[in-house]
Amino acid sequence: MTDISRYHRQCLFQKIGEEGQKKIASSRITIVGCGALGTVLASTLVRAGVGFVRIVDRDFIELNNLQRQVIFSEEDIRDNLPKAVAAAKQLKKINSEVQIEAVVSDVNFTNVEKLIRDVNLVLDGTDNFETRFLLNDACVKLGKPWIYSAVVGCHGLTLSIVPGKTPCLRCVFESAPPPELTPTCDTAGIIAPASTVIASLAATEALKFLSGNEGDLNPTLYSYDVWTRETKSFHLEGLRDATDCPTCRHQRFEYLSGNLAPKTTTLCGRNAVQITRPDRITLDFKELESRLKKVGEVKSNSFMLQATTGGYEFTVFPDGRAIIKGTNDPAQAKVIYSKYIGV
Amino acid sequence: MIYLDNAATSFPKPKRVYERMDRFLREEAANPGRSGHRLSVGAESQIAQARNVIAKLFGVEHPERVIFTLNCTDSLNIAIKGVLREGDHAITTVLEHNSVLRPLHSLEANGKITLTKLRPNSDGFIHPNDVKAVMGPKTKLVAMTHASNVTGIVQPIREIGKLVRETESLFLVDAAQTAGVIPIHVESDFIDLLAFPGHKALYGPPGTGALCVGERAKLFPWREGGTGFDSESLLQPIRFPFALEGGTPNSVGIVGLKEGVEFILEEGMDKIRAHEQGLVKQLRSELKEIPSIRIYGTQDVSRSVAPVSFTVEGAEPQEVSLILDQSFDIASRAGLHCAPLMHRELKTFPQGTIRLSPGYFNTAGEIQTAVRAIREIRSQIAV
Ligand SMILES: Cc1ncc(COP(=O)(O)O)c(C=O)c1O
Ligand SMILES: [Zn+2]
């Protein structure tokens, strides 16, 4: 039987109270991605007593994750545990009352709806635009509120989205920005306080929503720099009506159709995967080269750019197509692509 | 775009193929032979005519022994799995496409058959005597390609067919790379089972293929179902083509294929072959001039068909192919081309080769442009 005393201090907080706590306990959430953001989200919300927490991540823990991904340990790496499994194992020790489901899988257009259909709220702990737009499509389609968060370097963004009421992610960002405008943690780095702060803000939004305080959700796209302490709140009033959003206005779920997903082809016998973007872009090789030089060896000519980093070797072509060597797994190749090249 | 991937599927198709398919699908595409109405009978007759032109092209005496399939892979599977039984021995070669290798290997792996794979001599040919040497009393099938889809080298199938014909064994030829460019006559070439795609040099659409079944071959059908007659019987009829053709056929595709074959008959296979040979000769001799490029196959173009495989020293075939596509708008193919053992033989495993395969609709100017592109790529990326 639930011992409400463990949530005593949370209940004392007047906005939540025992009523709010009961609502939290009967709520279900999905956290997509269990890295810097996802671990903080999961840890905070499991401790807070959310009834059911599904954690989805396909990756295994690496040593360079421990600097910011709280709850993982060196032992988890030795045991070669997937992130979702390690998180569930650890968090069950902290709060055995919460039902935790670990899903070791990438999130794609075939499974995203299933992963969020039976929950009240979705939290974004992902690291790329493609997955976020996919989440946005699925959440708008199924009417699930979700909280977007993104962090790189010392700076992050968060936005609470309630389909039908607030602008959606595609009202705000029409399409994924080009790779040169989307630094990733793997090329531009990240400091732990940035992800901790942003994830804490997102978890606060989750607590508001789940405790029956939906009216208190922050209506802005909030940006915070932990280094300079610069904050910005972008006001979004009227945006929903002003934009011709394919997702929430036209109910056209382009990412859910799978047509906007990059196409992958496994190259027989090569332990390599070719990735073809659905959009036509022209990569800025100079910019990409300077970005990748920080993490590995790079050489390029007018036809292609070759880089070696983290046990992978990849060749990128001007229209964004790439051959990723060192894996046969299309999902893994996509991860590498979004980490180092960007989507 | 310059399309040089005709060995995978021909593109474009003759105009009449598009037009005929469009008209057929709009106006005539009833279920052939299933119903007595005029449209159904008409569609049936179109398919019969397609059988007739194919029979004519390959010297098949009874057109009903031309079976329509999904592609060459389907034809090969119907043949291989329809013929081989527990305890049989089969012979094939390392030149083969996976559509021959995989069905045979799975039968071998399941302990059903024993399998011998022959290697070519240093010129790339399978020697008839080598076939003879491994034939035994249990040998039920000799299955081989007419021409490798990697090197383009044309094999001496008539000589091999002749010696197989002297035994109880059946001779299965994979004519994926030759049907439509090299004359094939099932009687004079001693072919019991001729498998080919409709979508390559016969100019039909993707999703078409055929298998010509000689009278020595007794095939078990593995796709059983509706034929539109004999419905009271719970067993597949033994009458051809129905024995091997259960289900509604790809009538639109078959009608397109018929148009493709008629295009060949009108144009003349000699003329088609001469044009392709000219392009292959040009391609081979111009590529040969480029340093650090290695060409496979034979320079004697009279003994080869369109696929020209090469590698660029210091460059991954996939990368070269991608650059050709993206910086020069040239469609090529790179890798193993589904023929892994051939690449082991050529010592190009596992990276494979870059393959350019000209077709009848390519021009000398296009070949020149392609060679120029390869020259430029090589000068930038090769070591
Ligand atoms: C020699 C050879 N055999 C079989 C095939 C398989 O043909 P299909 O794609 O029509 O099944 C091909 C085509 O790639 C081929 O080149
Ligand atoms: Zn929207």
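Some points to look at:
- In summary, the aspartates and glutamates within cross-link reach of A:LYS144, defined as a Cα separation below 18 angstrom excluding same-chain residues under 8 places away, comprise A:GLU113, A:ASP118, A:ASP124, A:GLU205, A:GLU214, A:ASP216, A:GLU254.
- The dipole here belongs to the range A:238-330: it is taken about the Cα centre, uses +1 on the Cβ of Lys and Arg and -1 on the Cβ of Asp and Glu, and is about 100 debye.
- Length released on extending from B:ASN129 to B:PHE361, taking residue separation times 0.36 nm less the Cα-Cα span: 79.7 nm
- Spatial separation of Cα centroids for the range B:160-223 and the range B:55-129, in angstrom: 9
- Among A:GLY311, A:GLY17, A:GLY33, the largest mean-square fluctuation in a Gaussian network model of chain A (Cα springs under 10 Å) belongs to A:GLY311.
- Chain B: most fluctuating residue of B:LEU211, B:LEU265, B:LEU279 per GNM, C-alpha cutoff 10 Å: B:LEU265
- Database remark: amide H of A:GLU101 closer than 5 angstrom to the amide H of A:VAL53, A:ARG54, A:ILE55 (H placed geometrically; neighbours at sequence offset of 5 or more, or on other chains; Pro and chain starts carry no H).
- Sorted largest first, the spans of the alpha carbon positions of the range B:252-383 along the three principal axes are 49, 32, 30 Å.
- The 3J(HN,Hα) values that the Karplus relation (6.51, -1.76, 1.60; θ = phi - 60°) gives for the range A:254-270 are, in residue order, 5, 6, 5, 6, x, 6, 9, 6, x, 8, 10, 10, 7, 8, 4, x, 10 Hz. Gly and Pro appear as x.
- The alpha-carbon of A:LYS114 sits under 15 angstrom from the alpha-carbons of these aspartates and glutamates, leaving out residues fewer than 8 places away in its chain: A:ASP57, A:GLU101, A:ASP106, A:ASP137.
- Sequence-ordered 3J(HN,Hα) estimates for the range B:214-225 from the Karplus curve with 6.51, -1.76 and 1.60 and θ = phi - 60° stand at x, 6, 6, 8, 10, 9, 7, x, 10, 10, 10, x Hz, glycine and proline given as x.
- Annotation: lysines with alpha-carbon distance below 18 angstrom to B:LYS347 (same-chain offsets under eight excluded): B:LYS117.
- Sites listed here are trypsin sites (Lys or Arg not before Pro) in the range A:1-52 whose DSSP assignment is loop and whose Cβ has at most 16 other Cβ atoms within 10 Å: A:LYS15.
- Fully extending the segment from B:LYS218 to B:ARG119 would add 32.8 nm, taking 0.36 nm per residue of separation and subtracting the current Cα-Cα distance.
- Using the Cβ-Cβ distance between B:HIS62 and B:GLU86 with R0 set to 45 Å, the FRET efficiency from 1/(1 + (r/R0)^6) comes to roughly 0.90.
- A cut-off of 5 Å between modelled amide H atoms, ignoring neighbours fewer than 5 places along the same chain, links B:LEU118 with B:THR92, B:THR93, B:VAL94.
- Note on chain A: with a GNM built from Cα contacts shorter than 10 Å, the maximum mean-square fluctuation among A:ILE31, A:ILE198, A:ILE94 falls on A:ILE94.
- MRE, 222 nm, helices only [DSSP H, n ≥ 4, -39500 (n - 2.57), over chain B, to nearest 500]: -12500 deg cm²/dmol
- Entry for the range A:4-242 at q = 0.10, 0.15, 0.17 Å⁻¹: log10 I(q)/I(0) = -0.44, -1.04, -1.35, Debye formula applied to identical alpha-carbon scatterers, no solvent contribution.
- Note that the range B:268-382 presents 38 Å² accessible area per residue, ligands and nucleic acids not counted, probe 1.4 Å.
- A 1.4 Å probe run over chain A, with the rest of the protein chains in place, finds 44 Å² accessible per residue.
- 18 Å Cα-Cα threshold exceeded, pairs from B:LYS56/B:LYS281; A:LYS293/A:LYS334; A:LYS23/A:LYS208: B:LYS56/B:LYS281; A:LYS293/A:LYS334
- Gyration tensor verdict on the protein assembly as shown (Cα atoms; rounded if a/c is under 1.5, prolate if a/b is larger than b/c, oblate otherwise): prolate
- Lys/Arg +1, Asp/Glu -1 at C-beta; chain B dipole; positive extreme among B:VAL60, B:GLY111, B:GLY225: B:GLY111
- Interchain or long-range residues, amide H under 5 Å from B:THR139's placed H: B:HIS89
- For the range A:231-246, the Karplus equation 6.51 cos²θ - 1.76 cosθ + 1.60, evaluated at θ = phi - 60°, returns couplings of 10, 9, 10, 8, 7, 10, 4, x, 4, 4, 7, 7, 9, 9, 5, x Hz by residue, with Gly and Pro reported as x.
- Cβ-placed point charges (K, R +1; D, E -1), dipole of the protein assembly as shown about Cα centre in debye, nearest 20: 480
- Taking each of B:LYS112/B:LYS218; A:LYS92/A:LYS232; A:LYS263/B:LYS15 in turn, the alpha-carbon distance tops 28 angstrom for A:LYS92/A:LYS232; A:LYS263/B:LYS15.
- Exposure rule at most 16 other beta-carbon atoms within 10 Å, DSSP loop GluC sites (Glu not before Pro): chain A longest free segment: A:238-343
- At least 20 Å² of accessible area lost relative to the chain alone, listed for the range A:255-271 with a 1.4 Å probe: A:LEU267, A:CYS268, A:GLY269, A:ARG270
- Using a 1.4 angstrom probe on protein heavy atoms only, the contact between A and B buries about 1500 square angstrom of accessible area, both sides summed.
- Candidates B:GLY36, B:PHE11, B:MET1 compared by Cα position along the dipole of the range B:1-43: farthest toward the positive end lies B:GLY36, with charges placed on Cβ.
- In the range B:343-383, burial by the other protein chains removes 30 Å² or more of 1.4 Å probe accessible surface, compared with the chain on its own, from B:PRO350, B:GLN380, B:ILE381.
- Taking trypsin sites (Lys or Arg not before Pro) across the range A:282-323, the ones in a DSSP loop with at most 13 further Cβ atoms lying within 10 angstrom of their Cβ are A:LYS294.
- Counting only protein heavy atoms and a 1.4 Å probe, the range B:24-80 has 45 square angstrom of accessible area per residue.
- Of the GluC sites (Glu not before Pro) in the range B:225-332, those whose Cβ has at most 13 other Cβ within 10 Å and which sit in DSSP loop: B:GLU232, B:GLU289, B:GLU313
- Distance between the range B:333-382 and the range A:134-150 - C-alpha centres, whole angstrom: 46
- Paramagnetic reach from A:LYS165 in the range A:119-154 [backbone N under 19 Å; point 7 Å along Cα→Cβ]: A:119-124, A:136-149
- To put it simply, the accessible area of the protein assembly as shown at a 1.4 Å probe is 51 percent carbon and sulfur.
The values are calculated or read from the model by the stated rules, or taken from the named source; none is laboratory data. Model, not experiment: these values are computed from the prediction. Note that we place each Cβ from the backbone using ideal geometry, even for glycine, and neighbour counts take in every protein chain shown. To get the accessible areas, we keep the full protein, side chains included, count just its heavy atoms, and leave off ligands, DNA and RNA. Shrake-Rupley method; radii C 1.70, N 1.55, O 1.52, S 1.80 Å.
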